[in-house]
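Take a look at the structure set out below.
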Amino acid sequence: MNSTPDQSVEKNATFILFSTANKLTRTELKKAFRVKKGSLLLTKGENWQVGNLFDQLHAIKNSIPDEGNYFNFDENKKVTHIYIVPQRSCTKTFALLKYFDQFVGGYDVSPSILNQLQVLIEE
């Protein structure tokens, strides 16, 4: 009987999205979201595609087909920072109050989900 090794388990994470001209720091976000570990990505340079993917997702979510408004892109609320934390590890209430005007959204995702989302948006 042949046994195959288990597929490596994909790590899920929570992507917390911000739109701000201010400088956000990982230390500040760790305290606000009450997490032990987290990564902060700026969505310019080599990470622009990730920010663009979430901008497109929000544009699609904001569409109002009944009014003929498709792909409603908000030029003033582009994703500028992504704070990545382990899935379901943060307490958002205080952080949302602190960052209410900069917070764009949050998603629990995995690498394969991001790839699938990119393919769907391109189609």
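The values are calculated or read from the model by the stated rules, or taken from the named source; none is laboratory data. Keep in mind that what you see is a predicted model, and the values were worked out from it rather than measured. Neighbour counts run over all protein chains shown; Cβ positions are idealised from the backbone, glycine included.
Give, as residue ranges, the helices (runs of 4 or more DSSP H) completely inside the stretch 1-105 that count at least 1 residues that are modelled with pLDDT under 85, surrounded by fewer than 15 Cβ atoms within 10 Å (Cβ to Cβ) and over 17 Å from the mean Cα position of the chain (by Cα). Filter on the stretch 1-105 gives 92-98. For first residues located in the stretch 27-42 and touching a residue at least 12 places away in the same chain (Cβ under 8 Å), partners that are part of a helix (DSSP H, G or I) and hydrophobic (A, V, I, L, M, F, W, C) and lie 6+ apart or on another chain with Cβ distances below 6 Å form the pairs Ala32/Ala95; Phe33/Ala95.
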